[in-house]
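Computed from the coordinates by the stated procedures, all read-outs in this text should not be read as laboratory data. Since the model is a prediction, treat every value here as computed from it, not as a measurement. With ideal geometry, Cβ positions are generated from the backbone for all residues, glycine too; neighbour counts draw on all protein chains shown.
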Amino acid sequence: MLLTDVAKVAEAAKNKAELCNNHFGKYFMRAVMAGFYIVVATILSNVSAAVLYSTYPQFGKLLGAFLFSLAIVLVVFLNGELFTGNNFVMAVGVYNKTVSVKDMVKVWVVSYVGNFVGAFLLSAMFVYSKASHAIMVDYYNSFIYSKISAGVPELLLRGVLCNFLVCMAVLVGTKLKSESGKLIIMFCIIMSFVVAGFEHCIANMSTFSIGYMLLGNIGTVAVIKSMIVVTIGNILGGAVLLGVPVQVMKAEH
């Protein structure tokens, strides 16, 4: 990893902190919009998988994973502020002293809250529109309860691995100049975490919101537990599992 590549990420962290500190409303709206983008991809992915669930479930899973990759593309190309990507970017900023730990935590908290607001609002609009209601109920019944009943070690590791991949997609985006190249690599990386069944806390905000409103009480305590553990795992995956090696291996050549 070249020094110039790491410097780009560290500078991006500085810009995020300045926007959050000096133009809070603008930054928060970018975080809300990132939540919207995640829901757009979730709807596309889940409805497509639901259509194929009863006839070709394996193909439906692959198609859903491929289509969910739209999420990171929308976030990157439309300047959304996604909590999970910020785990890596802001940590690199701290490692290189372009931002303080306080700045990092503030950006994380604001983007997390903004992502939740966006994810919840658009998820509610989708559910109460009754669009694709019947197939979505059947599809969510097939996986939502097993998703929230996973154990803490499993959830933590799934969160770590998920954001390692998500932040790798973010890092690739800083190196490639071709937009088509970025699209291809991002789609491949994001598809890999969805196919594998890893856990992304912001995507789960959308999934759990839709599931709760579709099916009723799916287990509030279990949902909160899952969200907390996966969020911690995502932070470790982005800030530590990817962020630390990138910092250690940076060099001029």
Nearest 10 degrees is fine. How inclined is helix 83-95 to the longest principal axis of the chain, computing both from alpha carbons? 20 degrees
Could you work out which residue, out of A239, A34, A150, moves most in a Gaussian network model of the chain, that is, has the largest mean-square fluctuation with Cα springs under 10 Å? A150
According to the square roots a ≥ b ≥ c of the eigenvalues of the Cα gyration tensor, what is the shape class of the range 1-42, taking rounded for a/c under 1.5, prolate for a/b larger than b/c otherwise, and oblate for the remainder? oblate
Taking R0 as 35 Å, what FRET efficiency do you get between V240 and Y56 from their Cβ-Cβ distance, rounded to the nearest 0.05? 0.35
Can you tell me the orientation of helix 24-53 relative to the chain, as the angle in degrees between its alpha-carbon axis and the longest Cα principal axis, to the nearest 10? 40 degrees
If you count, for each residue, the other Cβ atoms within 10 Å and average over each peptide, how do 156-166, 218-228, 69-79 line up from highest to lowest? 156-166, 69-79, 218-228
For the D5, V113 Cβ pair and Förster radius 22 Å, calculated FRET efficiency rounded to 0.05 is 0.15
Potential extension, K225-E252 segment - 0.36 nm per residue separation minus Cα distance: 5.4 nm
Gap in Å between the Cα centre of the range 102-163 and the Cα centre of the range 13-88? 11 Å
Determine the shape class of the range 87-168: with a ≥ b ≥ c the square roots of the Cα gyration tensor eigenvalues, call it rounded for a/c under 1.5, and otherwise prolate if a/b is greater than b/c, oblate otherwise. oblate
Rounded tilt (10° steps) of 220-235 against the dominant C-alpha axis of the chain: 30 degrees
Cβ-based charge dipole, the chain, positive-most Cα from V194, G238, S123: G238
Assigning unit charges at the beta carbon (Lys, Arg +1; Asp, Glu -1) and nothing else, what dipole magnitude in debye, to the nearest 20, does the range 3-248 show about its Cα centre? 280 debye
Rank by packing, highest mean first: peptides 200-206, 244-250, with packing defined as the count of other Cβ atoms within 10 Å averaged across residues. 200-206, 244-250
